[in-house]
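Everything below concerns the one structure shown next.
The values are calculated or read from the model by the stated rules, or taken from the named source; none is laboratory data. The structure displayed is predicted, hence computed values, not measured ones. All Cβ positions, glycine included, derive from the backbone under ideal geometry; neighbour counts span all protein chains shown.
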Amino acid sequence: MISVKNPPTRLIKILRENNSMDYYKHSDYLRKRFGVKVHKVSVDAGFACPNRDGKISRTGCIYCDNKAFNFQSRSGHKLSIEEQIETGMAQARKRFKAEKFIVYFQANTNTYASLEELKDKYNVVKKFKDVVSISIATRPDCVDKDILNLISGYARDYEVWIEYGLQSIHDKTLEFINRGHNYDAFLKAFALTREYPVRVCVHVILGLPGETEDMMMKTATEVARLKIDAIKIHPLHIVRGTVLEKVYQEGACTPLGLEEYSRLLKEFIKRLPSDVIVQRLSAYCPKDILVAPAWVSERHVF
């Protein structure tokens, strides 16, 4: 079963042309899993990133800016974790008629802290009886047995996910985008995580500088071989003020158009096992900070 969360309307139309594959919506998957409408609430827990604070580098990944996906970073409003969950749940109840919730620790690297700090921040979810799942976004070089022991402890009461930012299996690409780790680091983290009752979602970007279609499809084939639980697939997009904007302005990067991205996405998904959950098909970026491609800012498309 392939499950897709909130896929773009225009993207879905393109994907279904000429008898292309049909999709099982992520919302339907969650209803089947939990019996009610479930919505994800994103949280900025105030974690740092070793690729920005100097432990690895101070520049971060060349495409990264939290303002592209994080409301707190854009607005300047700093709410506590509890306030963010309360607000997100209230909005989801009103807008989507949601009854249960996934708390998604999203911004930066959400395992990059002491065990005491991690526990204090994760434990906030226990205040909310309608939370059924916890999802933790992190880097593959920021987990170890102690961290996974802590995270897996929540699996007694919640469905627990770790979301690893992989982006590509190709070390040349990872070096160019300044990920600060290689593919082997991901493989070690993935193998270690498989020892715990924690499900794994992998993030991949299509259209990275220098990557050919063959390279992207090799990434698809490899993550399929690993039997991951879920995947999020994004198009590369250029955010104002990032290193990638300079690369783009120099003509060294051409973002994918919607039609080409859709074609590559179809080919990518074809290579995945049918039981891999595709949690995300695309991305959104506000117009005021988006450089290219323009279609990523079309909120009505999502």
Out of the residues in region 166-180 that are buried (at least 21 other Cβ atoms within 10 Å of the Cβ) and at pLDDT 95 or above, state the one that is nearest to Val204 (Cα to Cα).
Gln167
Examine region 155-166 for a residue that is touching a residue at least 40 places away in the same chain (Cβ under 8 Å), in a helix (DSSP H, G or I) and not aromatic (Phe, Trp, Tyr), and state whether such a residue exists.
yes
Hey, among the residues in region 52-67 that are under 17 Å from the mean Cα position of the chain (by Cα) and assigned to a loop (DSSP other than H, G, I, E, B), which one's surrounded by the most Cβ atoms within 10 Å (Cβ to Cβ)?
Tyr63
Would you check which residues across region 100-129 are of a type outside the set (S, T, N, Q), surrounded by fewer than 21 Cβ atoms within 10 Å (Cβ to Cβ) and out of contact with any Asp or Glu (no Cβ under 7 Å at 6 or more places or on another chain) and list them?
Tyr104, Ala113, Glu116, Glu117, Lys119, Asp120, Lys121, Lys126, Phe128, Lys129
Answer yes if at least one residue in region 263-275 is among the aliphatic types (A, V, I, L, M), under 30 Å from Lys145 (Cα atoms), touching a strand residue (DSSP E or B) at 6+ places or on another chain (Cβ under 8 Å) and modelled with pLDDT of 95 or more, and no otherwise.
no
Per-region count, region 95-124, residues touching a helix residue (DSSP H, G or I) at 6+ places or on another chain (Cβ under 6 Å), within 28 Å of Asp144 (Cβ to Cβ) and not in a helix (DSSP H, G or I):
5
Qualifying positions in region 1-51 - assigned to a helix (DSSP H, G or I) and either modelled with pLDDT of 90 or more or touching a Pro at 6+ places or on another chain (Cβ under 6 Å) (or both)
Arg33, Phe34
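A quick yes/no check of all residues on (1) surrounded by fewer than 19 Cβ atoms within 10 Å (Cβ to Cβ); (2) more than 16 Å from Tyr164 (Cα to Cα):
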{"residue": "Thr212", "(1), (2)": "yes, yes"}
{"residue": "Thr219", "(1), (2)": "no, no"}
{"residue": "Val239", "(1), (2)": "no, yes"}
{"residue": "Gly251", "(1), (2)": "yes, yes"}
Give just the number: which of (1) part of a helix (DSSP H, G or I); (2) modelled with pLDDT of 95 or more; (3) in contact with a Lys or Arg (Cβ under 8 Å, 6 or more places away or on another chain); (4) not basic (Lys, Arg) does Ser73 not satisfy?
(2)
Scanning region 195-254 for residues that are hydroxyl-bearing (Ser, Thr, Tyr) and assigned to a loop (DSSP other than H, G, I, E, B), which turns out farthest from Asp288 (Cα to Cα)?
Tyr196
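Does Ile205 meet the test of being farther than 28 Å from Asn51 by Cα, crowded, with 17+ Cβ neighbours inside 10 Å and under 19 Å from the mean Cα position of the chain (by Cα)?
For Ile205, the condition - farther than 28 Å from Asn51 by Cα, crowded, with 17+ Cβ neighbours inside 10 Å and under 19 Å from the mean Cα position of the chain (by Cα) - is not met.
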Considering region 134-165, residues that are polar (S, T, N, Q) and either farther than 29 Å from His237 by Cα or touching a Leu at 6+ places or on another chain (Cβ under 7 Å) (or both), and then whichever is surrounded by the fewest Cβ atoms within 10 Å (Cβ to Cβ), we arrive at Asn149
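Are any residues in region 215-232 in contact (Cβ under 8 Å) with a residue 24 or more places away in the chain and over 11 Å from Ser168 (Cα atoms), and if so, which ones? Lay out the reasoning, then the answer.
As a first pass, look at region 215-232 and keep what is in contact (Cβ under 8 Å) with a residue 24 or more places away in the chain: 215-224, 226-232.
Result: Thr221, Ala224, Leu226, Lys227, Ile228, Asp229, Ala230, Ile231, Lys232.
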As an exercise: evaluate Ala92 against (1) over 19 Å from the mean Cα position of the chain (by Cα); (2) in a strand (DSSP E or B) and give the number of the one condition it does not meet.
(2)
Can you say whether Gln84 is at pLDDT 95 or above, part of a helix (DSSP H, G or I), surrounded by 15 or more Cβ atoms within 10 Å (Cβ to Cβ) and in contact with a helix residue (DSSP H, G or I) (Cβ under 8 Å, 6 or more places away or on another chain), as far as the supplied structure shows?
yes
